[in-house]
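Below: one structure, written as structure tokens.
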Amino acid sequence: MKKKALLLLNMGGANNLDDVEIFLKNMFDDPYILGIKNKFLRKLVAFMIVKGRLKAAQHNYKQIGGKSPICELTKKLCDKISSFENEFSAIDFAMNYTSPFTKKVLKKYENFDEIVLLPLYPHHSKTTISSSLDDFKKAKDELGVKARILLCDTFYDDENYNKIIISHINKTISGIDTSDVSLIFSAHSLPQSHIKKGDVYEKHINEHVQILSKMIKDSGLNFKEINLAYQSRLGPVKWLEPSLNEILAKCKSKKALIYPLSFCIDNSETIFELVIEYAKIAKELNFSFYKVVWCPNFSDEFASFILQKAKTAKEINF
């Protein structure tokens with residue numbers, strides 16, 4: 001009988017406070033992130049960034065329990081998917097920057113016949129999907145894995161995925177009059193230099209907001225306005241705009257519902273940045289209502305969606 005594995009890919013997050021340094025080192029040493037081809041120079045720049053950010057990052061993690069929830073939530077998602085009838089002999093996940101690392105996970109399935117890869121990113125970016133696939137390819141080559149590899153495409157424009165988002169928004173605002181509430185889709189920002197080099201991330205984000213805005217209108221949900229904003233800027237370079245700070249400052253009703261558009265699984269950038277950091281900014285701006293919608297995480301709908309999405313995977317040749 002053919003042995004098939006479904007492998008969910010993501011960047012990872014610190015599993016404890018010691019992991020914060022590992023996460024930052026690996027992330028900033030990723031050529032897809034910094035864009036510095038020279039390994040020595042990239043490692044030097046990464047070292048300087050980590051040195052300057054480590055204490056603050058660890059302090060932030062302490063505020064959310066000393067770890068990112070991403071691995072725990074992804075494990076629960078895998079368990080939920082496994083509880084449904086499916087064709088896979090194994091359902092697992094692998095991370096770029098923290099444990100469980102791709103190579104260690106892949107070794108468990110090196111003798112499988114097929115491996116289906118599903119990056120947990122709705123939109124394509126070289127900094128996310130390309131990085132994850134490159135990480136997988138390196139592990140595959142080092143282990144000499146001969147399995148047939150299939151890849152699931154992005155799903156920001158998938159109607160079933162977007163129905164899940166709208167369902168989560170509906171549950172969050174149940175019983176609340178949203179006629180004077182601004183719905184803000186907050187996406188992880190990206191340096192504009194990446195876009196100028198051909199990264200399609202901004203295009204996918206804009207298309208996603210357009211799709212969701214129409215679906216929300218058609219569903220009868222009534223918000224005062226729907227806006228796109230970008231979060232998680234770092235450093236002095238030009239980033240995608242407008243920032244979430246700017247959009248919150250312009251919100252006249254002082255009521256906002258935030259949906260983390262870039263993520264399927266909650267992590268430090270939703271739990272800390274949106275739920276804690278930006279909530280403080282909203283309070284300083286005298287907001288009377290500020291709420292963040294949880295990501296799909298390990299909901300039944302999302303687990304079911306992933307199984308359906310896995311059926312659309314196409315063979316990829318590395």
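Nothing in this text is a laboratory measurement; each read-out follows from the coordinates by a stated rule. It should be emphasised that the depicted structure is a prediction, and the values quoted were computed from it without experimental measurement. Positions of Cβ are generated from backbone atoms using ideal geometry, with glycine treated the same way; all protein chains shown enter the neighbour counts.
Data table
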item	result
Residues whose placed amide H lies under 5 Å from that of residue 116, excluding near-sequence neighbours	5, 6, 7, 150
Computed E for residue 174/residue 41 - FRET, C-beta separation, R0 51 angstrom, nearest 0.05	0.45
Theoretical FRET efficiency, 1/(1+(r/R0)^6), r = Cβ-Cβ of residue 48 and residue 18, R0 30 Å, to 0.05	0.90
Gyration tensor verdict on the stretch 66-126 (Cα atoms; rounded if a/c is under 1.5, prolate if a/b is larger than b/c, oblate otherwise)	rounded
Length gained when the stretch residue 283-residue 207 is fully extended (0.36 nm per residue, less Cα-Cα span)	24.3 nm
Degrees separating the helix 201-219 axis from the principal Cα axis of the chain, which is the longest one	60 degrees
Packing-based order for 188-201, 289-302, using average beta carbon neighbours within 10 Å, highest first	289-302, 188-201
Hits among aspartates and glutamates - C-alpha to C-alpha of residue 224 under 20 Å, sequence gap 8 or more where chains match	177, 180, 246
When each of 137/311; 126/309; 75/104; 214/314; 252/291 is checked by Cα-Cα distance, pairs over 18 Å	137/311; 126/309; 214/314
Measure of compaction for the stretch 159-292 (Cα Rg per 2.2 N^0.38 Å)	1.03
Relative contact order (percent, whole number), the stretch 159-292, Cα cutoff 8 Å, 6+ residue spacing	32 percent
Leading residue at positive end of dipole, the chain (Cβ point charges), from 257, 35, 100	35
Counting DSSP beta bridges with both ends in the chain, the antiparallel % (nearest 5)	10 percent
Residues of the stretch 267-287 with amide N under 11 Å of the 7 Å Cα→Cβ point at residue 254	283-287
Proximal aspartates and glutamates to residue 80, defined as alpha-carbon separation beneath 20 angstrom and excluding residues fewer than eight positions away on the same chain	72, 92, 266, 300, 301
Angle in degrees between helix 19-28 and the longest Cα principal axis of the chain, rounded to the nearest 10	90 degrees
Extension reserve of the residue 137-residue 245 stretch, reckoned as 0.36 nm per residue once the Cα distance is removed	35.1 nm
Cβ-Cβ FRET estimate between residue 55 and residue 146, R0 fixed at 45 Å, reported to 0.05	0.50
